[in-house]
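The values are calculated or read from the model by the stated rules, or taken from the named source; none is laboratory data. Since this is a predicted model, take the numbers as computed values, not measurements. Using ideal geometry, Cβ is built from the backbone for each residue, glycine included, and neighbour counts are taken over all protein chains shown.
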Amino acid sequence: MIDARAVVVAVEDYRASPALRPLDGPASDAARYVAWLRARGVPDEAITLVASPLPGNQALIDGLGLPVVPATQAAVYDVFSRVLPAGRADALLVFWGGHGAVDADRTRRLFYADASAADKRNLDFDAVCASLMTAYFPGYPRQFLVVDACQNLTSELALLNTLPHQVLPSSPVVMPDRRQHVLLAASAGEVAVNDTRRRAGLFSAELLGLLSSPDASWPPDAGELARRLDERFAQLRAAGVTQQSPPYLWRRTPAEDGAVFGLTPAGAGGGRLGLAAVKALVDVMLEADELAGVPQQQFLMGLLPTAIRGAVAYSDVPRWSLFQLVRTCEGFEQGRDALVMMLSVGLSRDGDRDRVLQAVDRFWPQPA
C-alpha cells in the first residue's frame, strides 16, 4: 500500500491586484482533486487544502470539511517550508490552480492571492521543484506535481514593477532514488483555458477524467497521463478549443531530467530533411541571440529529453552545433515536438521565438 501526502491549491480571488482577474474554476477543480484523493484512500489528515475562493465558491470549499489554509504568501510559504519537510510519505502530490507567468529567465511563477498591483507576490515553482529533490524534503521519494495556470510571458503583462522573487530553502544534498514528475497545463507564452461555464480548468478537467478512469494506476503513471493528454490536446487544438500544449517534465536521481514525449527512434522510414531545408532553418535560428553562441545553445538543449540531448554531437562552431541538433531531432519520431518545445520554452524574446517557430513550420512541416 502506497501512502501519500497531498497539497491542493486553489487561487481564485485576486482582489488585491486588478491586473489578475478573478478565476471561477480552481475551487471546483480543488474539490474534485480532493474527492479523487479520498477515493484513492488518502486520509483527510494527509491532505492540505490551500484556497482563496471567490465568495460564491466559499461554501464549496467549506463543504469539503477540511482545514483551509489561505493562498497568501506567508501561509503557502509555511506549508512548503515547514509543514511538508516535517512529514514523510511514499508519494507527494501537489495540485495548483490559479494565475501564473514565465519571467525573462524562463522561471515559472505562481501568483498568491495577496499579490497586488505594485507587489505581485509569487512562488518560484521551479525553485520548489529543485528543493523537493534535496534533503530539505527527506520524506518524499515519489513526487507528482500538477500546475493548471497560464504561462504568459511577464514581458506581455505590462507590470508596474519587477516581480519579487521568493524561493524555498534547499539542501546541498540531493536525495538518492528520487522521482519527480510535473504536468503543466501550458507551455511558455500560452494561456491555460479556464471554462467559467463549467467552473473548471480545461487541463484539470481532462486530467481528472484520466485519473478517475477505472484503468488508472496508483500512484499516477505520469508518463502515460502525459501521452494521453498530448493526444487529447492535439485534438482540442485542431478543433480550435485551445492553443495550449501541456508539457511533461521529469527529474530523477542520480541526475537525469528532461521533457518526455514517448521518444522512440524514427527508423529508416522516418525521412530526412534536405540539406537546403536544414541550412535555411539553421540560418533563421542563428539570427536569434539566444541561439547564436554555443554556450547559449547548450543551455537551451538542457530542455530536451535525455535521449535526444545525449545524442547531439558537440561542436564549438555555432552553425555546426545547430546542424547536429536538427539532424539528431530528425532521428526520433517525436524529435520535431521536442525541438519545438525547447524553442517555445527556451527563447524568451517574442520576435525571435515567433520567427524560429515559423521557420520550423516552413522547413520542417508537421506530418499530416
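The table below gives the values:
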{"read-out": "Out of 357, 303, 343, sole residue that is at pLDDT 85 or above, outside any loop (DSSP other than H, G, I, E, B) and under 18 Å from residue 102 (Cα atoms)", "value": "343"}
{"read-out": "Yes/no for residue 251 being under 17 Å from the mean Cα position of the chain (by Cα) and either modelled with pLDDT of 90 or more or among the basic types (Lys, Arg) (or both)", "value": "yes"}
{"read-out": "Residue list for segment 22-38, restricted to those being surrounded by fewer than 21 Cβ atoms within 10 Å (Cβ to Cβ), of a type outside the set (Gly, Ala, Ser) and without any contact (Cβ under 8 Å) to a residue 40 or more places away in the chain", "value": "22, 38"}
{"read-out": "Test: residue in segment 39-61 that is in contact with a His (Cβ under 8 Å, 6 or more places away or on another chain) and in contact (Cβ under 8 Å) with a residue 12 or more places away in the chain", "value": "no"}
{"read-out": "Restricting segment 211-236 to residues that are within 18 Å of the chain's Cα centre (by Cα) and free of Cβ contacts under 8 Å to residues at least 12 places away in the same chain, the residue that is farthest from residue 183 (Cα to Cα)", "value": "234"}
{"read-out": "Single residue of 162, 196, 134 found to be over 23 Å from residue 339 (Cα atoms), among the β-branched types (Val, Ile, Thr) and free of Cβ contacts under 8 Å to residues at least 24 places away in the same chain", "value": "162"}
{"read-out": "In segment 132-155, the residues that are of a type in the set (Ser, Thr, Tyr) and more than 15 Å from residue 165 (Cα to Cα)", "value": "134, 136, 140, 155"}
{"read-out": "Which numbered condition residue 235 misses (of (1) surrounded by 13 or more Cβ atoms within 10 Å (Cβ to Cβ); (2) at pLDDT 90 or above; (3) part of a helix (DSSP H, G or I))", "value": "(1)"}
{"read-out": "Flag for residue 337 being in contact (Cβ under 8 Å) with a residue 24 or more places away in the chain, among the acidic types (Asp, Glu) and under 23 Å from residue 246 (Cα atoms)", "value": "yes"}
{"read-out": "In segment 282-341, residue surrounded by the most Cβ atoms within 10 Å (Cβ to Cβ) [restricted to those that are of a type in the set (Gly, Ala, Ser) and over 26 Å from the mean Cα position of the chain (by Cα)]", "value": "321"}
{"read-out": "Given (1) in contact with a Lys or Arg (Cβ under 6 Å, 6 or more places away or on another chain); (2) under 26 Å from residue 16 (Cβ atoms), index of the condition residue 87 fails", "value": "(2)"}
